[in-house]
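J.: First, the structure itself, so that you have it in front of you.
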Amino acid sequence: SMRLEDVQRERETAVTKLLREIEALKGDAESYDRERSGLKDGLRKAAISAATLCEREEELAAERREKERLEKSLAEAKREFDTLKEEMERDVADAGKARDKDKSEVRRLQQELSEAERLREEAEEGE
């Protein structure tokens, strides 16, 4: 009978030990689930961050392309302005030369007129 009690006690001890191990495993499983859930959440956040970064990189690339396009457009506008400015400066210079030539022509004509009037006066005095 003593032997039976020993066996029962050993069995109870083994059952108690198994129950403790089961509880410990449950705790480990819950801890593992929490950790896995945290990792999943971290991965989800990382994926969102990566997508956001990709979108921002695309926006920056588009902004860079727009800036390059505007810089080319500005350079072209500056070239056109410089060309127009040179043409206007030439036109102003040409107009100045033409004006000087016209003034010279007016002086020459005035001299011819004065000479003609002098000749007429001399002719009238000679009559």
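J.: Would you check if there is a residue in segment 17-27 being open to solvent by 100 Å² or more (accessible area, probe 1.4 Å), assigned to a helix (DSSP H, G or I) and β-branched (V, I, T)?
T.: Checked segment 17-27: no residue is open to solvent by 100 Å² or more (accessible area, probe 1.4 Å), assigned to a helix (DSSP H, G or I) and β-branched (V, I, T).
J.: Would segment 53-64 turn up any residue that is open to solvent by less than 70 Å² (accessible area, probe 1.4 Å) and among the acidic types (D, E)?
T.: no
The values are calculated or read from the model by the stated rules, or taken from the named source; none is laboratory data. The structure displayed is predicted, hence computed values, not measured ones. Note: areas computed on protein heavy atoms with side chains; ligands, DNA, RNA excluded. Shrake-Rupley method; radii C 1.70, N 1.55, O 1.52, S 1.80 Å.
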